[in-house]
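Report on the following structure.
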Amino acid sequence: MNTAQQNEKTGVRKVTDKGEIRTEGLEVTYNSDVGQTVALSKTSLTIHPGEFVCVLGPSGCGKSTLLNVIAGFVKATEGRALLDGNAIEQPGADRSMVFQQHSLLPWKTVRANIELGPKFTGDIEASSTVNHFLKMVGLQKYENHYPDQLSGGMQQRVGIARALATFPRVLLMDEPFAALDYQTRLMMQENLLSLWEEFGTTVVFVTHDVDEAIFLSDRILLMSASPGRIVKDIANPLPRPRTQMISSEAKFLEIKRDCMEIIRAEALSTF
Ligand SMILES: Nc1ncnc2c1ncn2[C@@H]1O[C@H](COP(=O)(O)OP(=O)(O)OP(=O)(O)O)[C@@H](O)[C@H]1O
């Protein structure tokens, strides 16, 4: 069971148990009517408790597959994934996922959507947990709206609130801002960082946007073209808290150049 602690000054409840993710020689092969697809090849990685790690790679390289194995939705063909040293066999409330397209229930209000998680985990303070997260994502005024009455950015904020409302040890995010317009995406990135800095949990964030990965992460795992494997592990020492202005700093541009060189080499090797 996760535990949460209230910050006396800000009132924000923080996760105190942050998960460690490890994969060892992970391989995933899909069998379908069009044949076999090796989606992930010999992927070994460690994500430390409380780290914000971005997984960056070209389309189809297996990023979603990696997240789905960690989430427990997809089984490894070879190797294994572990949460805090225990093999991941199935989904659990200790991991929450935010998808590219919001997965809110259209017939439920914002409040009822967020409430699903805490009710599922038997949170006896479900109602106050929902109030807390509505406030954290700035949507108190919209608690009785339905998803189709909200903008795309607001829908994703509800999705993030719902994911956090179970106080997960690990938050998994699969290109959550990819469908948003540029300005909204930048705002959402800043909003997510301030939530994470307050709330504190391990985050694995998949993207194919180099700037997004550098802006958000402590570390970037770069994946090869399909079948995916980790080709480079890049530390990101940019100071926090960050605003989008950081993208013009020399260190940001240096990391970006490193990423682009690898992505280009990968693209050329498969062209
Ligand atoms: N359920 C499935 N059945 C068969 N093949 C699949 C399945 N899911 C994914 N694949 C294949 O596995 C490979 C990796 O897919 P995956 O969605 O993990 O990549 P991705 O890097 O997340 O792609 P994108 O960036 O485009 O979302 C692709 O070749 C894809 O076609």
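The values are calculated or read from the model by the stated rules, or taken from the named source; none is laboratory data. Everything numeric in this text was worked out from a predicted model, so none of it was measured. Note that each Cβ is placed from the backbone with ideal geometry, even for glycine, and that neighbours are counted across all protein chains shown.
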| task | Would you be able to say whether some residue in the stretch 49-70 is assigned by TED's automatic domain parsing to the domain that holds R229 and among the charged types (D, E, K, R)? | result | yes
| said: I need the full set of residues from the stretch 107-142 which are closer than 23 Å to Q189 by Cα and surrounded by fewer than 16 Cβ atoms within 10 Å (Cβ to Cβ), in order please. | reply: N131, K135, G138, Q140, K141
| task | Identify the single condition in (1) within 16 Å of the ligand (Cβ to nearest atom); (2) more than 27 Å from D181 (Cβ to Cβ); (3) not assigned by TED's automatic domain parsing to the domain that holds L45 that H132 does not satisfy, given that it satisfies every other one. | result | (1)
| field | Those residues of the stretch 215-271 which are farther than 23 Å from Q183 by Cβ and of a type in the set (K, R), in sequence order | value | R219, R229, K232, K251, R257, R264
| request: Could you please find all residues in the stretch 81-106 being charged (D, E, K, R) and surrounded by fewer than 17 Cβ atoms within 10 Å (Cβ to Cβ)? | output: D84, E89
| Test result for G72, within 11 Å of the ligand (Cβ to nearest atom) and within 15 Å of the chain's Cα centre (by Cα) | no
| note | Those residues of the stretch 58-68 which are buried (at least 24 other Cβ atoms within 10 Å of the Cβ) and more than 6 Å from the ligand (Cβ to nearest atom) amount to L66
| request: Would you be able to tell me the number of residues in the stretch 37-52 that are surrounded by fewer than 19 Cβ atoms within 10 Å (Cβ to Cβ) and within 9 Å of the ligand (Cβ to nearest atom)? | output: 2
| field | Filtered residue count, the stretch 162-186, keeping only those that are over 22 Å from T121 (Cβ atoms), assigned to a helix (DSSP H, G or I) and out of contact with any Phe, Trp or Tyr (no Cβ under 6 Å at 6 or more places or on another chain) | value | 4
| said: For a quick check of your reading of the model, give me the residue pairs whose first member lies in the stretch 50-62 and is small (G, A, S), whose second is in a strand (DSSP E or B) and within 6 Å of the ligand (Cβ to nearest atom), with beta-carbon atoms closer than 9 Å and at least 6 apart or on different chains. | reply: G60/A39; G62/A39
| task | Just one of (1) modelled with pLDDT of 90 or more; (2) over 18 Å from V110 (Cα atoms) trips up D181, so point out which. | result | (1)
| task | Give the residues of the stretch 150-178 that are surrounded by fewer than 19 Cβ atoms within 10 Å (Cβ to Cβ) and within 15 Å of the chain's Cα centre (by Cα), sorted by residue number. | result | A178
| message | Here is a check on your reading of the model: is Q189 of a type in the set (S, T, N, Q) and farther than 23 Å from H132 by Cβ? | response | no
